[in-house]
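Here's the structure we're looking at; comments come further down.
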Amino acid sequence: MDFDLSEEQSLLKDSVERLLADRYDFEARKRHGRGPHGYAREMWQAYAEQGLLAVPFAEEDGGIGGGPVETMIVMEAFGGALVLEPYLATVVLAGGLIRHAASAEQRAAWLPGLIGGETTYAFAHTERQARYDLADVGVSARRDGEGWILEGEKSLVLHGDSADRLIVSARTAGSRRDANGLGLFVVEANAPGVSRRGYPTQDGQRAAEVSLSSVRVGPDDVLGSPEGALPAIERVVDEAIAALCAEAVGAMDRMHRLTVEYLKTRKQFGTPIGTFQVLQHRAADMFIALEQARSMAFLATMMAGEEDARERTRAISGAKVQIGRSGRIVGQGAVQLHGGVGVTMEYSVGHYFKRVTMIDALFGDADHHLARVARLGGLIAA
């Protein structure tokens with residue numbers, strides 16, 4: 001199987017890595033995180049100008065017609081730079097829902113602002129009681145003439161405090177955990193009845209608790225069927241997990257590089273600690289875990305566009321298991337081999353470890369996805 005990038009993909013990789021190398025070192029990241037939005041609007045605009053926000057969208061919708069591989073390239077570079085901007089929330093999650101569920105008229109209305117960097121989105125789906133069950137939705141949507149009225153609360157909405165629009169999942173029929181009866185509604189973040197409480201997450205990103213009180217939504221703001229949104233949600237979450245796997249590989253690769261460099265320069269008893277065989281073995285273990293994660297991230301990328309939901313889920317969950325386990329091996333090794341400096345706020349290694357730990361928890365940790373793979377009969381079907 002050929003894993004080489006095409007010429008266009010190589011150009012995309014070079015351009016995004018060059019942009020981040022020039023403008024996104026660790027000190028710049030700390031400055032961006034202190035801003036009012038928790039990220040840099042000027043960097044978001046730079047991504048738009050470079051076409052990164054257009055990557056997964058079809059050319060007829062104003063995008064560049066990229067796929068999971070192009071998204072992987074961008075997300076791996078973002079992982080290496082610990083990027084704070086809401087690419088996952090706006091482009092992968094909300095953009096994925098628009099790609100898969102919106103009508104041509106809705107795409108024409110919403111995508112130009114997203115691709116141009118003028119409008120950011122957040123996917124308001126998680127609820128406190130749901131854990132990792134995507135069908136567990138308690139927010140209600142009831143008919144009001146031709147429109148709808150939303151009631152309820154959403155939790156841990158990624159970048160929900162600064163988003164211009166929210167895509168809200170709500171129950172239109174059935175009981176709380178039913179697979180049927182879910183709809184997707186596009187809501188202006190400043191609409192009457194919407195309140196948001198933003199906060200920083202442990203990895204330096206931002207999230208929000210969102211309350212919806214008698215929020216009115218027009219008929220043109222419903223994505224797809226108001227009772228059949230779960231398959232689109234599951235597909236987009238699988239695509240998001242594949243993107244997160246790539247981001248985690250970028251972060252792990254940077255942790256390993258920083259650790260090897262530290263072993264070469266840090267001296268103890270008058271000699272570089274990298275000459276100690278036991279530390280060399282630990283660095284080798286980290287490299288093996290990194291390459292295992294990279295291989296499974298490739299699998300997740302290749303399967304993200306699979307139409308067979310069962311086979312797609314099997315591969316995506318298998319990749320998530322390896323990413324979680326490798327992230328722990330690489331992160332713990334990086335912190336321990338750095339010693340005390342590895343856990344300081346002033347040094348980047350601890351921040352990378354926080355990010356891969358949060359990636360492990362997003363959309364189900366390694367234990368959750370291992371059980372999921374087991375229920376599906378294993379990574380390779382008998």
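The values are calculated or read from the model by the stated rules, or taken from the named source; none is laboratory data. No experiment lies behind these values; they were computed from the predicted model shown. Every residue, glycine as well, gets a Cβ built from its backbone with ideal geometry; the counts of neighbours run over all protein chains shown.
Of note:
- Residue within the stretch 223-243 that is under 22 Å from T120 (Cβ atoms), in a strand (DSSP E or B) and not β-branched (V, I, T) present: yes
- Subset of the stretch 87-135 (residues that are in contact (Cβ under 8 Å) with a residue 24 or more places away in the chain, over 16 Å from E60 (Cα atoms), among the small types (G, A, S) and part of a loop (DSSP other than H, G, I, E, B)): G117, A135
- Any hit, the stretch 313-334, residues being of a type in the set (D, E, K, R) and more than 26 Å from R206 (Cα to Cα): yes
- Test: residue in the stretch 25-44 that is touching a residue at least 60 places away in the same chain (Cβ under 8 Å), farther than 23 Å from A248 by Cβ and outside any loop (DSSP other than H, G, I, E, B): no
Residues checked against (1) of a type in the set (G, A, S); (2) assigned by TED's automatic domain parsing to the domain that holds A130; (3) part of a helix (DSSP H, G or I); (4) out of contact with any strand residue (DSSP E or B) (no Cβ under 9 Å at 6 or more places or on another chain):
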| residue | (1), (2), (3), (4) |
| --- | --- |
| A179 | yes, yes, no, yes |
| R197 | no, yes, no, no |
| G204 | yes, yes, no, yes |
| R257 | no, no, yes, yes |
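- The stretch 190-222: number of residues that are surrounded by 16 or more Cβ atoms within 10 Å (Cβ to Cβ), farther than 30 Å from F353 by Cα and among the acidic types (D, E): 1
- Qualifying position, being part of a helix (DSSP H, G or I), of a type in the set (A, V, I, L, M) and surrounded by 20 or more Cβ atoms within 10 Å (Cβ to Cβ), among V341, V330: V330
- Taken as a whole, the structure leaves F298 outside the set of residues that are assigned to a loop (DSSP other than H, G, I, E, B), within 19 Å of the chain's Cα centre (by Cα) and over 20 Å from E261 (Cα atoms).
- The criterion of being small (G, A, S), without any contact (Cβ under 8 Å) to a residue 60 or more places away in the chain and not in a helix (DSSP H, G or I) does not hold for S213.
- Residues of the stretch 1-24 satisfying the condition of being among the hydroxyl-bearing types (S, T, Y) and either closer than 15 Å to G204 by Cβ or in contact (Cβ under 8 Å) with a residue 40 or more places away in the chain (or both): Y24
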